[in-house]
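The values are calculated or read from the model by the stated rules, or taken from the named source; none is laboratory data. Computed from a prediction, not measured in an experiment: that's the story for all the values here. Here Cβ is always computed from backbone atoms with ideal geometry, including for glycine, and neighbour counts include all displayed protein chains. In case anyone asks, the SASA skips ligands and DNA or RNA and just uses the protein heavy atoms, side chains included. Shrake-Rupley method; radii C 1.70, N 1.55, O 1.52, S 1.80 Å.
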Amino acid sequence: MTRTENLSIGLGFDVHPLVHGRSLILGGIEIPFDRGLDGHSDGDALLHAVIDALASAADLPDIGEMFPGDDENLDRSSVEMAHEVARRLAVNGTKILSVDAIVIAQVPRISPYRQQLRESVAACFDVDPGRVNVKGKTFDHLGPIGREEGIECRVVVLVQKRAAS
Ligand code: CDP
Ligand code: ZN
């Protein structure tokens, strides 16, 4: 098998509202801020977008199918969901080659946490931090993200699937 065989890309997206009274959890870490992301789980839009991108690339059910919005998943840690997805990828022989993510947030600033975020996301999916990148971007004050009503994440991944025997 050559290195370029069985490659598959996946695209993930997620958005959650910013609300008072919640901690801001992104990529499995807490970022100091006066608001946090609302949601059925901990609202970690970054991990959710990575999970969806990986699930797509690896032909797994999407995040809502794997972790339905029922009581069992209420306030469930997204890190736990990420570990479960990493386990499923390992079982079906899919290797994560690259993860690239954009956190689109008018506030707070993501730059100071880039290294911490890449290390945390990498640990969640059991990959080398060198295979993960995370950067921040505003929406230039346009639309709901620009009005600080939420945070959006976009993620692309590259995986290598097990060769068909
Ligand atoms: O300057 P331009 O409008 O193209 O971009 P921006 O959205 O203002 O972001 C400029 C830079 O700020 C980004 O390239 C990031 O380095 C940083 N940034 C950040 O760290 N965290 C955010 N939530 C938004 C932007
Ligand atoms: Zn989500």
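As a test question: what accessible area, to the nearest 10 Å², does PHE139 have when a 1.4 Å probe is rolled over all protein chains in place?
Roll a 1.4 Å probe over it and PHE139 shows about 80 Å².
Report, for the chain, the % of DSSP beta bridges that are antiparallel, rounded to 5.
The antiparallel fraction comes to roughly 80 percent.
With a 1.4 Å probe and all protein chains left in place, how much of the accessible area of the chain comes from carbon and sulfur atoms, in whole percent?
Here carbon and sulfur together make up 51 percent of the probe-accessible area.
What percent do you get for the relative contact order of the range 1-92 when only Cα pairs under 8 Å and 6+ apart count?
About 28 percent, as a whole number.
In nm, to one decimal, how far is the THR4 label point from the HIS20 one, both placed 7 Å along Cα→Cβ?
Spacing of the two 7 Å Cα→Cβ label points: 5.6 nm.
For helix 45-57, what angle does its Cα long axis make with the longest principal axis of the chain, in degrees from 0 to 90 and rounded to 10?
The answer is roughly 20 degrees.
Kindly report, to the nearest 10 Å², the accessible surface of SER98 as traced by a 1.4 Å probe over protein heavy atoms only.
SER98 exposes around 50 Å² with every protein chain in place.
If amide H atoms are built 1.01 Å from N in the plane of the peptide, which residues on other chains or at least 5 residues away come under 5 Å of the amide H of ASN133?
VAL99, ASP100, ALA101
Quote the charge dipole size of the range 95-165 about the Cα centre in Debye, to the nearest 20; the model charges only the Cβ of Lys and Arg (+1) and of Asp and Glu (-1).
Once rounded to the nearest 20, the dipole reads 280 debye.
Could you state how much accessible area SER23 has, in square angstrom rounded to the nearest 10, with a 1.4 Å probe and all protein chains kept in place?
60 Å²
Setting aside same-chain residues fewer than 8 positions from LYS161, which lysines have a Cα under 18 Å from its Cα?
Partners found: LYS95.
Dipole of the chain, Cα-centred, from +1 at each Lys and Arg C-beta and -1 at each Asp and Glu C-beta, to the nearest 20 debye?
Its charge dipole is roughly 820 debye.
Suppose each label sits 7 Å from its Cα in the direction of the beta carbon; what would the ARG87-MET66 distance come out to in nanometres?
1.2 nm
Just subtract the alpha-carbon distance of SER111 and LEU11 from 0.36 nm times their residue separation and send over the number in nm, one decimal.
33.7 nm
Report, in deg cm²/dmol and to the nearest 500, the calculated mean residue ellipticity at 222 nm for the chain, where each DSSP H run with n ≥ 4 adds -39500 (n - 2.57) and the sum is divided by the residue count.
About -8000 deg cm²/dmol.
Return the aspartates and glutamates within reach of LYS137: Cα separation strictly under 14 angstrom, same-chain partners fewer than 8 residues apart disregarded; answer none if there are no such residues.
The qualifying aspartates and glutamates are ASP100, GLU148, GLU152.
For the chain, find the longest principal axis of its Cα atoms and tell me its angle to the long axis of helix 114-124, 0 to 90°, nearest 10.
Helix 114-124 and the main axis of the chain meet at about 50 degrees.
From the backbone phi of the range 129-134, what are the Karplus-calculated ³J(HN,Hα) couplings (6.51 cos²θ - 1.76 cosθ + 1.60, θ = phi - 60°) in whole Hz, Gly and Pro given as x?
Per residue, the Karplus-derived 3J(HN,Hα) values read x, x, 8, 10, 9, 9 Hz.
Residue by residue through the range 8-19, which ³J(HN,Hα) values in whole Hz follow from phi under the Karplus form 6.51 cos²θ - 1.76 cosθ + 1.60 (θ = phi - 60°), with glycine and proline marked x?
My calculation for the range 8-19 gives 8, 9, x, 10, x, 8, 7, 9, 9, x, 8, 9 Hz in order.
Would you pull out the residues with amide H under 5 Å of LEU26's amide H, same chain only if 5 or more places away, H placed 1.01 Å from N?
Amide H to amide H, under 5 Å and 5 or more residues apart or across chains, LEU26 pairs with ILE31.
For the chain, what is the accessible area per residue in Å² when the probe is 1.4 Å?
Ligands and nucleic acids excluded, the result is 51 Å² per residue.
What relative contact order, as a whole-number percentage, does the chain give when Cα pairs under 8 Å and 6 or more residues apart are counted?
The value is 33 percent.
Name the residue farthest towards the positive end of the dipole of the chain from the options CYS124, GLN160, HIS48, assuming +1 on Cβ of Lys and Arg, -1 on Cβ of Asp and Glu, about the Cα centre.
GLN160
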